[in-house]
1. Could you give P(r) for the chain, binned at 5 Å from zero, as whole percent values over all Cα-Cα pairs?
2. Projected onto the charge dipole of the chain (+1 at Lys/Arg Cβ, -1 at Asp/Glu Cβ, origin at the Cα centre), which of Val16, Leu44, Ser31 gives the Cα projection farthest towards the positive end?
3. Using Cα positions and a limit of under 18 Å, work out the aspartates and glutamates in reach of Lys2, with same-chain residues fewer than 8 apart set aside.
Amino acid sequence: MKRFSIVNNGYNIEEVNNFIDIVIKKLEQLSADNNNYLLQLESLKKNEIQNIDLKVAKALIAAQE
């Protein structure tokens, strides 16, 4: 847990602001990573559905023959 220096009127504002900047950057990176993972997941789902459709089509053709 982050501890801040105590000054006359509370915590050291510069330390707190620097910490908040670090937290913001990490949250932005996590959000971007999450969005990328969601896009990858959607792509994988679409590919899986296409593969299943192809297998079904091949099975139907084989059954008709």
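Any read-out appearing in this document is the output of simple, stated calculations on the displayed coordinates, not a laboratory observation. In this text the structure is predicted, and so the values were computed from the model without any measurement. Don't worry about glycine lacking a Cβ; one is built from the backbone with ideal geometry, like all the others, and counts go over all protein chains shown.
1. Computed distribution, short to long bins: 3, 14, 10, 10, 9, 7, 8, 6, 6, 5, 5, 4, 4, 3, 2, 2, 1, 0.
2. The residue sitting most towards the positive pole is Leu44.
3. Partners within reach: Glu14, Glu15, Asp21.
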